[in-house]
1. Any residue at all in the stretch 306-316 that's crowded, with 24+ Cβ neighbours inside 10 Å, farther than 25 Å from residue 124 by Cβ and in contact (Cβ under 8 Å) with a residue 24 or more places away in the chain?
2. May I ask you to say which residue of 203, 168 is within 13 Å of the ligand (Cβ to nearest atom) and either open to solvent by less than 20 Å² (accessible area, probe 1.4 Å) or of a type in the set (A, V, I, L, M, F, W, C) (or both)?
3. Take residue 143 and decide whether it is under 24 Å from residue 267 (Cβ atoms) and touching a strand residue (DSSP E or B) at 6+ places or on another chain (Cβ under 6 Å).
4. With the checklist (1) within 16 Å of the ligand (Cβ to nearest atom); (2) out of contact with any strand residue (DSSP E or B) (no Cβ under 8 Å at 6 or more places or on another chain) in hand, flag the one item residue 98 doesn't pass.
5. Which of the residues spanning the stretch 224-244 are in contact with a Lys or Arg (Cβ under 7 Å, 6 or more places away or on another chain) and either within 15 Å of the ligand (Cβ to nearest atom) or within 23 Å of residue 124 (Cβ to Cβ) (or both)?
6. Looking only at the stretch 217-235, count every residue that is open to solvent by 50 Å² or more (accessible area, probe 1.4 Å) and aliphatic (A, V, I, L, M) and tell me the total.
7. Residue by residue through the stretch 113-130, note down the ones that are surrounded by 10 or more Cβ atoms within 10 Å (Cβ to Cβ) and either part of a loop (DSSP other than H, G, I, E, B) or among the basic types (Lys, Arg) (or both).
8. In this structure, is residue 245 at pLDDT below 95 and of a type outside the set (D, E, K, R)?
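The values are calculated or read from the model by the stated rules, or taken from the named source; none is laboratory data. Remember, it's a predicted structure, so these values are computed and weren't measured experimentally. Cβ atoms come from the backbone with ideal geometry, glycine included; neighbour counts cover every protein chain shown. Only protein heavy atoms, including side chains, enter the accessible area calculation; ligands, DNA and RNA are left aside. Shrake-Rupley method; radii C 1.70, N 1.55, O 1.52, S 1.80 Å.
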Amino acid sequence: MTSDDPRRRIQRTDELLKRHADEVRVLGRDAVKAAITAAQDDVRAGRVAVDGIDAAIARRLPTSTTTLRPILNATGVIVHTNIGRAPLAAAAVDALVTASGYVDVEFDPVTAKRAKRGRGTLAALLDRVPDAQSALVVNNGAAALLLACLAIAPDTSVLVSRGELIEIGDGFRLPELLQSAGVRLVEVGMTNRTHVRDYQRAIDDVAANGERVGAVLKIHTSNYRVEGFAGVPGVAELSTLGVPVIADVGSGLLAPERVLPDEPDTATWLREGATVVTASADKLLGGPQAGIVLGEETAVESIRRHPMARAMRADKLALAALEATLREPVPPVLRALRETPDSLRARTQRVADAVAGAVPDVDVVDVVGRVGGGGAPGVAVPSVAVSLPDRWALPLRTGTPMVLARAAQGRCLVDLRCIPEEADDVLIEAIRAVARSSRKQSAGTVN
Ligand SMILES: *Cc1c(COP(=O)(O)O)cnc(C)c1O
């Protein structure tokens with residue numbers, strides 16, 4: 001290297017760190033320093049010009065502080081655990097940001113003493129479900145159910161119908177979850193049918209053994225449906241047994257929803273006599289991950305005071321986002337649920353027209369969607385979709401942004417139900433980008 005070699009003029013690390021102070025603030029000093037070191041190496045090796053070092057640093061920096069990448073959900077499946085369940089309303093996102101600093105989540109500024117954790121969220125829940133005397137928010141739906149069993153039926157047996165022993169996904173089974181924490185489950189009835197007299201007989205059998213039934217569990221079979229000669233007693237019948245009823249509604253509808261007339265809801269089950277109702281906040285309720293308990297004051301209080309409750313506490317971010325969701329008239333999940341083929345057709349046609357020049361064989365077709373994980377099993381959601389060649393699916397879902405379409409009928413189906421209208425142009429551009437790169441590839445393979 002000669003004395004006037006431009007590579008001698010490589011800027012020093014501390015100067016570069018100063019110049020990239022904005023990135024340091026967002027991404028942290030270590031990440032920026034690593035990018036600087038690599039860019040300096042590039043200049044030294046002659047791969048990058050001296051005055052190109054800032055661009056080289058920028059290229060090496062992550063564009064986001066999280067490795068999670070946004071997905072445009074074009075599947076038509078509204079709630080899916082693998083892609084983060086409910087998208088939050090804008091108001092809930094604002095609440096998350098507010099709660100990100102120090103906040104009075106468990107503090108009363110007047111007395112300067114501890115206050116009830118998340119009291120604003122609990123008030124919002126009780127406003128939405130006046131049939132409940134008391135409310136509690138925990139980490140998720142599974143925690144709500146587990147805590148309810150532990151607190152309401154300690155050292156006693158809990159009855160559950162064989163028709164309601166469900167696996168909720170990824171191999172997790174509710175009965176195993178409860179038993180692993182010491183809940184003594186007693187199965188009653190048959191897979192397809194259970195009668196009130198089955199529960200009554202089980203209560204008598206347990207008593208004959210000198211033990212006691214502490215609760216009856218009612219679990220909404222939220223992810224499958226038994227058809228034909230089948231049935232289990234409803235909450236109203238179970239509440240005649242003289243034992244507390246813990247009712248896991250799962251999907252989190254707080255009140256009846258006209259689009260899903262057969263889906264249970266917390267208000268109805270409380271009115272039918274459930275002692276407590278438990279639910280997820282990030283399914284049909286459309287909020288952040290959380291578990292909700294609503295019901296009789298003494299029962300909810302015993303759950304709140306249970307030692308295990310501290311290990312399943314809701315985080316302040318979730319409490320804030322849940323409160324905002326509860327005050328939101330139509331969160332995105334409900335909006336998506338209430339879309340109809342007619343309300344979607346014009347948008348769908350516009351997207352199809354916009355990509356027709358770039359993609360061979362584009363069509364608009366009628367399709368049938370699903371509500372998805374934790375709600376309305378077997379309910380068909382009629383919809384429309386842009387139909388693309390099936391080889392479009394992989395490049396779409398690995399592009400930026402990722403577009404997750406549905407593979408069906410040998411086609412790649414793009415359903416706009418769960419895509420916000422503002423994102424239609426981004427979607428069009430994503431489809432055109434796949435067309436461009438597939439043209440480039442086929443041009444490359446011609447010679
Ligand atoms: C989803 C679901 C659960 C689990 O809730 P998480 O919030 O995922 O922990 C429990 N019971 C029922 C009926 C469900 O649908």
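1. no
2. The unique qualifying residue is 168.
3. Working: under 24 Å from residue 267 (Cβ atoms): yes; touching a strand residue (DSSP E or B) at 6+ places or on another chain (Cβ under 6 Å): yes.
Taking the combined requirement at face value, the residue satisfies it.
4. Just one mismatch for residue 98, condition (1).
5. 235
6. Our first condition is that a residue be open to solvent by 50 Å² or more (accessible area, probe 1.4 Å); within the stretch 217-235, this holds for 223-229, 232.
If we keep only those that are aliphatic (A, V, I, L, M) as well, we get 226, 232.
Matching residues across the stretch 217-235 total 2.
7. If the condition is that a residue be surrounded by 10 or more Cβ atoms within 10 Å (Cβ to Cβ) and either part of a loop (DSSP other than H, G, I, E, B) or among the basic types (Lys, Arg) (or both), then 115, 116, 117, 118, 119, 128, 129 are the ones that fit.
8. Working: at pLDDT below 95: no; of a type outside the set (D, E, K, R): yes.
No: the conditions fail for residue 245.
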